[in-house]
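Asker: Supplied in structure tokens, the structure appears directly below.
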Amino acid sequence: MIKVAIIVGSTRPGRKGDTVARWIHEQAVDRGDAVFEVVDLMDYPLPHLDEAMPAAMGQYSQQHTKEWAAKIDGYDAFVFVTPEYNHSTSGVLKNAIDFLNREWANKAAGFVSYGSIGGTRAVEHLRLVMGELQVADVRAQVALSLFTDWEHFTNFAPGSHHKESVTTMLDQVVAWGTALRTLRG
């Protein structure tokens, strides 16, 4: 079975991403077609990119980069849980992505976003980044609204219709993640 990381893309106090990631994980663990793990950027406190060499060179000098690279390298696919800040993803998620290169390549990615209009613009930005890193991003995504999927903006209460979207997105991530294993040999 392939391994899928559900990456919490926010470290902000009062963030919603960790709750969303756990909700995705709860739906994923019983599937039987992949192993799913939540990877929280809070557990990988990366500074602003501080590597002298570009990530494409793979010559990491910082211990935090080596640990992050080892973590990400062990997965076949990813589900990025991202907020939308100013029409884009969070700075901490973009920074974590930028630290690495080869560790992302020839893997699959799906997206779960949240924001005032579902976080869709954050996903649009991430799709461009994934293309540059040779990550096959799947079409299906889950877009959660702060207005309709949280009670009083604090209690996560996603609409039941999102479960089908989650299933479709995970189906695509697992299929593509499995298929791309052959490229990585």
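Values quoted throughout were computed directly from the atomic coordinates according to the rules given, and no laboratory measurement underlies them. Note that the structure is predicted; figures quoted are calculated from it, not measured. Note that we place each Cβ from the backbone using ideal geometry, even for glycine, and neighbour counts take in every protein chain shown.
Asker: Mind checking which of 161, 48, 87 has the largest fluctuation in a GNM of the chain, springs on alpha carbons under 10 Å?
Answerer: 161
Asker: I need 42, 130 ordered by Cβ neighbour count within 10 Å, fewest first. Each step should come with its number before you reach the end.
Answerer: Values: 42 13, 130 21.
Listing 42, 130 from fewest to most nearby Cβ atoms yields 42, 130.
Asker: Divide by every residue of the chain the summed helix terms, -39500 (n - 2.57) for each DSSP H run of at least 4, and state the resulting mean residue ellipticity at 222 nm, rounded to the nearest 500 deg cm²/dmol.
Answerer: Details: 5 runs with 67 residues, N = 185.
Calculated at 222 nm, the ellipticity per residue is -11500 deg cm²/dmol.
Asker: Residue 2's amide H: which non-local residues (gap 5+, or another chain) put their own amide H closer than 5 Å, with H modeled 1.01 Å from N in plane and none for Pro or chain starts?
Answerer: 35
Asker: Compute the angle between helix 17-28 and the longest alpha-carbon principal axis of the chain, please, reported from 0 to 90 degrees and rounded to the nearest 10.
Answerer: On a 0 to 90 degree scale, this one is about 90.
Asker: Would you mind working out the magnitude of the charge dipole of the range 2-184 relative to its Cα centre, with +1 at each Lys and Arg C-beta and -1 at each Asp and Glu C-beta, to the nearest 20 Debye?
Answerer: Details: 17 positive and 22 negative charges, 40 e Å.
Taking the Cα centre of the range 2-184 as origin, the dipole is about 200 debye.
Asker: Once phi is turned into ³J(HN,Hα) by the Karplus curve 6.51 cos²θ - 1.76 cosθ + 1.60 with θ = phi - 60°, what whole-Hz value does each residue of the range 99-109 show in order, with x for glycine and proline?
Answerer: 3J(HN,Hα) across the range 99-109, in whole Hz: 4, 10, 9, 4, 5, 8, 4, 6, 10, 10, 9.
Asker: Calculate the tail of P(r) for the range 53-103: the fraction of all Cα-Cα distances greater than 15 Å, expressed in %. Can you show the working numbers first?
Answerer: Working: 642 of 1275 pairs.
That tail contains 50 percent of the Cα-Cα pairs.
Asker: Amide H to amide H under 5 Å from residue 144: which residues, 5+ apart in sequence or cross-chain, H placed 1.01 Å off N in plane?
Answerer: For residue 144, whose amide H was placed from the backbone, the distant partners under 5 Å are 113, 114, 115.
Asker: How do 82, 19, 154, 120 rank when sorted from fewest to most other Cβ atoms within 10 Å of their own Cβ? Intermediate results must be reported in sequence, preceding the final value.
Answerer: Details: 82 26, 19 17, 154 10, 120 14.
So the residues, fewest neighbours to most, are 154, 120, 19, 82.
Asker: P(r) of the range 104-166 in 10 Å steps, Cα pairs, percent per bin?
Answerer: Using 10 Å bins, I get a P(r) of 22, 44, 25, 8, 0 for the range 104-166.
Asker: Which of the listed residues, 60, 87, 134, is farthest toward the dipole's positive end in the chain, when Lys, Arg count +1 and Asp, Glu count -1 at the beta-carbon?
Answerer: It is 134, whose Cα lies furthest towards the positive end.
Asker: Tell me, what does the Kirkwood hydrodynamic radius of the range 1-150 come to in angstroms if you use every pair of distinct C-alpha atoms?
Answerer: On the way: mean 1/r = 0.0646 Å⁻¹.
After inverting the pairwise mean of 1/r, the radius is 15.5 Å.
Asker: Another question, then. Each residue of the range 77-93 in order: what ³J(HN,Hα) in whole Hz does its phi give by Karplus 6.51 cos²θ - 1.76 cosθ + 1.60, θ = phi - 60°, with x for Gly and Pro?
Answerer: 3J(HN,Hα) across the range 77-93, in whole Hz: 7, 9, 10, 8, 9, 10, x, 10, 10, 6, 6, 8, 7, 6, x, 5, 5.
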